[in-house]
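The next block holds one structure in the form of structure tokens; read it before the comments.
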Amino acid sequence: MERQQVAVADRTLVELARVATRVNRVDSEEVDGRVEGAVRGLLGGLERVMKMADCVRLKTLKGLLEVLTPVQCVGFLAAKSMLQLQMRRLGKRRESNGL
């Protein structure tokens, strides 16, 4: 994951961003192609990071549910769902207020 974060601020990507803002319409196709290639590679890496994070979350959840009793599992999953709903509401409220 650290490598992916470093890749976002990679010198090549920063230079491509600078060049892309300065080029005129004639040269833009070449720069656009280079930018697309760089972004495509970055997105592939980000996708791998997201898949690894999903695996870690799933392993953690399975491990936790193995330790808890069935009644505790139900309570935990209900509380987790309520937290997600409240976070979503908070996000929508902030978005509508322009924060």
Worksheet entry | Residues of type lysines that Lys51 reaches as a straight line, Cα spacing below 22 Å, ignoring anything fewer than 8 places off in the same chain | Lys59, Lys62, Lys80
Worksheet entry | Extension gain from Glu30 to Glu95, taking 0.36 nm per residue of separation minus the Cα-Cα distance | 19.7 nm
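Read the figures in this text as sums done on the coordinates, not as results from a lab. As the structure is a prediction and not an experimental result, all values here were calculated from the model.
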